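Below is one structure, written out as structure tokens, with a few remarks after it.
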Amino acid sequence: MSETSATLPSDSANSSPAGLTHRQILLVLSGLMTGMLLAALDQTIVSTALKRIVEDLDGLDHYTWVVTAYLLTSTATTPLYGKISDLYGRRPVFQFAIITFLVGSLLAAFSTNMTELIATRAVQGLGGGGLMALTFTIIGDIIPPRERGRYQGYFGAVWGLSSVAGPLLGGYFSDSGNILGITGWRWIFLINLPFGIVALVVTSIVLHIPKVRREHKIDYLGAITMIAAVSSLLLAIAYSVPAYGWGDTLTIAYFVVGILLTLAFLQIERKAIEPILPLDLFKNDIFSVTSGIGFIIGAGMFGALVMLPLYLQVVQGNSATESGLKLIPFMLGILTMSITTGKLISKTGKYKKFPLIGSLVMTLGLLLMTTLSISTPFWQLAIFAMLIGMGLGLTMPTMVVAVQNAVDFKDMGVATGANTFFRSLGAAFGSAIFGTILTKRLAVHLDQGMSQLAAANPAAAKSFDPALLGELQNSTSVLKHLPVQVKETVLQSFVYSFHDVFWTAAPVTALGFILALLLREIPLRSNEDHAAARHESGH
């Protein structure tokens, strides 16, 4: 797209490869951004309210599953949406994703226990996977890689809005007793309904892009096997290991079944006419490397997004609203670097340096998080969190641009979906693993802390009912019933546990730097190249 397209939107010479002018592209993007806002807002609005939710539903031990269930189903369905939208068109499938998301939101709002909430969050994820995957697929349809950065700011604005509004709304609803007779935290799901209705109206009006029907044979067997494999491995990590340990028969069984199903999935994909995850894509080194980086970045992002509000609310005693406000530096880091990175990629046509710098900055931020204490001042936490966010912002937009530029146009949908799949898979495993580390190490540090307290101050150690510590696995609300010295010991145990989480996360993101070194940089397609590739593919 030429630079004059922004000022001469009606000129056909300035239209995109899909035949859309700059003004029409902006209209399409408005529909996409409305849908994407649903998914982005849901991720940020839940994080600050989780503490109150698990206290009401007695499920701290299942804390991360509220996030993991959503990520699991959104991850598993991501590769399907691209092919299904090829069959039935982008708009109806995108709107189906919105409706599914809203149904899950309504059911989640009226959950009566953790099991119901986790199940309904999984339904939300079925829709959320489509919102994310199809947004980037449609962008790939209509905007060439070289010009894509100039539109990155619009989607950065969506994340910016959700970064400010999400934690604040989540905190406000969580801190509110009842609103219109309904428990406050339930409104974090009900608020999706008006946004979803707006998204449906907007997409019906503006989401009109050329449709070329491509017949597909949907790989349902591969999809089911993949879901089962990922579910089995996540159950091992997030459920069985914390409850029974690594050597338990159930844990080993989950791992064995997960590995066998993974091997079966690979065999199915080799034989499938149109595999859900074409293994030939991995012959493209850029796809392979960006998928690995995406997995790592997804894990790092959700590790921070889930852990930070818990630290702020449990250790520092902030309200949900306050913790929401204190997440803003993290989100601003993502926003500013995402916009800046997109513009620089469009200007220079170079992209390799951004994930290199981003992974280092993110690792530095995680390492600094290991210095947190009970009384860490906010300005320090803000710097640490912003560094993690900046690292994410430098890396995330690069992955999509690089992979879409490296594959044939006919593989645009499946490659974009697969790239999103690996990022979501990393997020699912990251939140599950980090949650497991937190709960396992908390038990260890509590034992050590109470032993030290008993030796130093026997009277304090005997001044409360020890059964209260056992209830911490379900609800942190018991903290207010503990004597001062015991409470301080418990809070210090939480701090040490958070340190263990961040010490584990830092080497993982450092691995992203090593992978980024392997990322091959090729020239980004211009408008003419993109149009030619689109024409050759029959789109």
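The values are calculated or read from the model by the stated rules, or taken from the named source; none is laboratory data. No experiment lies behind these values; they were computed from the predicted model shown. Note: ideal-geometry Cβ built from the backbone for every residue, glycine included; neighbour counts use all protein chains shown.
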- Note on the structure: Filtering region 316-340 down to residues that are at negative phi and surrounded by fewer than 21 Cβ atoms within 10 Å (Cβ to Cβ) yields Q316, N318, S319, T321, E322, L325, I328, L332, T336, T340
- In the set K347, K353, K343, the lone residue that is under 18 Å from I296 (Cα atoms) and surrounded by fewer than 18 Cβ atoms within 10 Å (Cβ to Cβ) is K353
- Mind telling me which of the residues I357, I296, I328 ends up being within 27 Å of V54 (Cβ to Cβ) and out of contact with any Cys (no Cβ under 8 Å at 6 or more places or on another chain)? I328
- Go through I388, I383, I357 for me and flag whichever is under 16 Å from I514 (Cβ atoms) and either without any contact (Cβ under 8 Å) to a residue 24 or more places away in the chain or in a helix (DSSP H, G or I) (or both). I357
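To keep it simple, each residue is scored yes or no on (1) closer than 30 Å to Y244 by Cβ; (2) acidic (D, E).
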| position | (1), (2) |
| --- | --- |
| G258 | yes, no |
| L279 | no, no |
| D285 | no, yes |
| V314 | yes, no |
| N318 | no, no |
| K326 | no, no |
| S338 | no, no |
- Query: How many residues does region 250-278 contain that are over 10 Å from M226 (Cβ atoms) and among the hydroxyl-bearing types (S, T, Y)?
  - Reply: 2
- Item | Total residues in region 215-253, condition over 24 Å from the mean Cα position of the chain (by Cα), in a helix (DSSP H, G or I) and closer than 22 Å to T436 by Cβ | 7
- Query: Just wondering, is there one or more residues in region 257-266 that are assigned by TED's automatic domain parsing to the domain that holds Q24, within 24 Å of the chain's Cα centre (by Cα) and modelled with pLDDT of 85 or more?
  - Reply: no
- Could you grab the pairs with beta carbons closer than 6 Å, sequence gap of 6+ or different chains, first residue in region 418-437 and touching a residue at least 40 places away in the same chain (Cβ under 8 Å), second one in a helix (DSSP H, G or I) and among the acidic types (D, E)? I437/D500
- Sole exception among (1) polar (S, T, N, Q); (2) buried (at least 23 other Cβ atoms within 10 Å of the Cβ); (3) without any contact (Cβ under 8 Å) to a residue 12 or more places away in the chain for S288, by number: (2)
- Within region 162-196, residues touching a Gly at 6+ places or on another chain (Cβ under 7 Å), polar (S, T, N, Q) and either surrounded by 17 or more Cβ atoms within 10 Å (Cβ to Cβ) or touching a residue at least 60 places away in the same chain (Cβ under 8 Å) (or both) come out as S174
- Query: Taking the stated definitions as given, is T290 in a helix (DSSP H, G or I), hydroxyl-bearing (S, T, Y) and over 20 Å from V401 (Cα atoms)?
  - Reply: no
- Going by the structure shown, is G125 closer than 13 Å to D42 by Cβ and either crowded, with 24+ Cβ neighbours inside 10 Å or in contact (Cβ under 8 Å) with a residue 40 or more places away in the chain (or both)? yes
- Hey, could you check region 306-319 for residues that are out of contact with any Phe, Trp or Tyr (no Cβ under 8 Å at 6 or more places or on another chain) and part of a helix (DSSP H, G or I) and say which is nearest to A505 (Cα to Cα)? P309
- Subset tally (residues that are crowded, with 20+ Cβ neighbours inside 10 Å and hydrophobic (A, V, I, L, M, F, W, C)) for region 90-113: 8
- Task: Kindly provide the set of residues from region 273-285 that are in a helix (DSSP H, G or I) and touching a residue at least 24 places away in the same chain (Cβ under 8 Å), ordered by number.
- Result: L281, D285
